[in-house]
Amino acid sequence: MEKITSFTINHIALQPGIYVSRKDKAGNAVITTFDIRMTSPNEEPVMNTAEVHTIEHLGATFLRNHPVHASRVLYFGPMGCRTGFYLLLTGDLESQNIVPLIKEMFTFIRDYEGEVPGASPRDCGNYLDMNLPMAKYLAGRYLEQVLADIGPERLIYPE
């Protein structure tokens, strides 16, 4: 069986950043899948499910309500390895195209106060598995350590 694209990336050299994972055609449209990598794979601890779940709820809410990009958002959700998230947008895009959007989203998460959207038994199948303080901490860490001065080495997959 052929390896899928995401399993061909050198996870030993991969550092937190924003990467184009793949581009697919859907009719006449191009769908760009972004790898929003928050932790260094196999080097540092993965994120716990509670904070991943919280970031997912806040990130999806932010993106689907964004005044400019909402109509392009197809999906935002966690990677199974818990080192980051996938974001699928319509359009033939590159990582640098979405840096401002990702900075905006993680600033929203870092600064968020109140009840996590959708964190109720009616709205979510695992609503108790949330950790807003840790989600805010991780968002701030990603903003500071990765997004603040992101360069090409964090925008293009390593060889």
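Dividing the radius of gyration of the alpha carbons in region 18-74 by their Kirkwood radius gives 1.04 for Rg/Rh. Note on residue 129 and residue 157: with the Förster distance fixed at 30 Å, the Cβ-Cβ geometry gives a FRET efficiency of about 0.45. Sorted largest first, the principal axis extents computed over the alpha-carbon atoms of region 42-132 equal 37, 34, 23 Å. For a straight C-alpha distance cut-off of 23 angstrom, the lysines reachable from residue 23 (same-chain residues fewer than eight places away being disregarded) are 3, 103.
Here the dipole of region 5-154 is about 340 debye; that uses its Cα centre as origin and unit charges on the Cβ of Lys and Arg (positive) and Asp and Glu (negative). Each principal axis of the Cα atoms in the chain has its own extent, and those three values, largest first, are 40, 39, 37 angstrom. With helices as the sole contributors, the chain gives -9000 deg cm²/dmol at 222 nm; each DSSP H run of n ≥ 4 counts as -39500 (n - 2.57), and the sum is divided by every residue.
Bear in mind these aren't lab numbers, they're just calculated from the coordinates by the rules spelled out. A quick note: this is a predicted structure, and the numbers were derived from the prediction, not measured. Note that we place each Cβ from the backbone using ideal geometry, even for glycine, and neighbour counts take in every protein chain shown.
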